[in-house]
Amino acid sequence: MLQKTQQPTIEQLAQALHDLNINFTDFIHGKLQLPAYRSFYFAKEMRKANSLNFSSNESFNQLIKYLNKNELKQNKLPDKLKNVLRLYQKEGFNWLNTLVNYGGILADEMGLGKTLQVISLLLAHQKKDSTNLVVAPASVIYNWQNEAQKFAPELKTAVLGGTKKERTQILVNASKYDLLITSYQSLNRDLEAYQKLVFNIQILDEAQNIKNHQSITAQSVKVIKAHHKLALTGTPIENKLSEFWSIFDYLMPNFLGSYLDFKKKFEPPIIKDEDEEAEKQLVEMVTPFILRRLKKNVLNDLPANEEEIVYVNMGSKQSELYKLQTQKLIAELSCQEDAEFKRAHFEILAQITKLREICCDPLSKFTSMLEIIQNKLRKLKVPIFVITGATAKKERQDKSHQFNSLDKPAIFLISLKAGGTGINLTSADIVIHYDPW
């Protein structure tokens, strides 16, 4: 209940009501009902306006206590995961439990186990006749399935892969599953089949996939009906503030206002004008709903990691070839004028790439380097697994599972692009980066 003790300035009042998307008629009647996720910012704005006093119910006060004092709900961890989750992951579980009713972004750095933290949440919130939905890049949907089967086999899980007919059949029987996992691309194609479905928790993995709020992908995930919404991303902002707005528009529609309002109020002031007050206001609004941890912040909770750089000298013929290629490039550059140099930068880049290929192996292009290594490693007579960009998604997960299940030495050869997403080789003791990338 709002009690007007002294009139604030018209500008202050109008701005506060606009920011909070509050109808003036509702305001003057003295009673307001706001989405829970607006309560934190509402309380701060009302405290700033000393001329306004307000009273609130217990649930409102409890939420403000959680967010303002960073006091997390201590929910009961599933017994089977108590000795699995690291300390920071347990804190992440409690944070997710606290924010699940309002929406939030788990923005831990890659490699800190966002998937496991979410699975623990889903296990704790398992309900009869209630289905959860994970939307993820196509490259990691089977990794989600493997992680769910490993840590929460009691969750009935299905991947929406295969043909459109097969995916539609799973969606028709969605109530039979605790967890459905689909890709952004499949969701776009199957959107009609989701119309009558209402999920318990909807999770976006790699949520930067909806950074363009005008894209079909962003619009698709935002029309899915769910009681609770969460987002996972190691990079909440890659290039522009609008990417940030799009993720929050999925989590909490209108929390940051319309895009036109957001763009006017925050983007140019923060990016172009370096307006500290605008930046501070945005930070105050979103900070309670973002959990970000870096590896360096939780190093004490991670296993020790030893790093060693080994320099390998080139063979005599390889070294001679490298010198000849270098001399050829230097000779070409020394003969060029500035204008000619600018026009030839793509050709120069190609010449530098050749130098890098010689460093790897004079006989190879980067795409065939794994094959050369594989042929040499066969002499060791140990199991060898290979994943490249051409390896099917399901096959990637099968090979990863086989590798992790072995109780004897094995070697996994992975191209960097293929290995960057959705491959967990938790049993690997040694990682060697061979390419000069």
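A compact table of results
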read-out: Label-point separation, Glu109 to Lys280 (7 Å along Cα→Cβ), nm; value: 2.9 nm
read-out: Listed residue pairs exceeding 22 Å between alpha carbons, taken from Lys82/Lys408; Lys240/Lys265; Lys114/Lys296; Lys82/Lys394; value: Lys82/Lys408; Lys82/Lys394
read-out: Angstrom value of the Kirkwood radius, inverse mean 1/r, which spans all Cα pairs in segment 204-277; value: 12.8 Å
read-out: In Å², nearest 10: area of Lys328 left accessible to a 1.4 Å probe; value: 100 Å²
read-out: With every protein chain in place, segment 139-258: carbon and sulfur % of accessible area (1.4 Å); value: 49 percent
read-out: Protein accessible area in segment 325-407, 1.4 Å probe - carbon and sulfur %; value: 57 percent
read-out: Peptide ranges 242-252, 188-198, 109-119 listed from the most packed, as the mean C-beta count within 10 angstrom indicates; value: 242-252, 109-119, 188-198
read-out: For segment 229-272 and segment 128-185, distance of Cα centres in Å; value: 28 Å
read-out: Cα-based equivalent ellipsoid, segment 116-247: semi-axes from gyration tensor eigenvalues, Å; value: 23, 17, 13
read-out: 1.4 Å probe accessible area per residue over segment 348-388, in Å²; value: 62 Å²
read-out: Cut-off under 5 Å, modelled amide H: who pairs with Gln202 long-range; value: Leu133, His228, Lys229, Leu230
read-out: Å² per residue, accessible surface of segment 168-264 at 1.4 Å; value: 44 Å²
read-out: Mean separation of Cα contacts under 8 Å, 6 or more apart, over the residue count of segment 274-410: relative contact order %; value: 16 percent
read-out: Relative contact order (percent, whole number), segment 132-277, Cα cutoff 8 Å, 6+ residue spacing; value: 21 percent
read-out: Per DSSP, loop chymotrypsin sites (Phe, Trp or Tyr not before Pro) in segment 275-365 with at most 11 further Cβ within 10 Å; value: Tyr311
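The values are calculated or read from the model by the stated rules, or taken from the named source; none is laboratory data. Keep in mind that what you see is a predicted model, and the values were worked out from it rather than measured. Quick reminder, even Gly has a Cβ in these numbers, built from the backbone with ideal geometry, and neighbours come from all protein chains shown. Accessible surface is based on the protein model in full, side chains and every heavy atom, while ligands, DNA and RNA are left aside. Shrake-Rupley method; radii C 1.70, N 1.55, O 1.52, S 1.80 Å.
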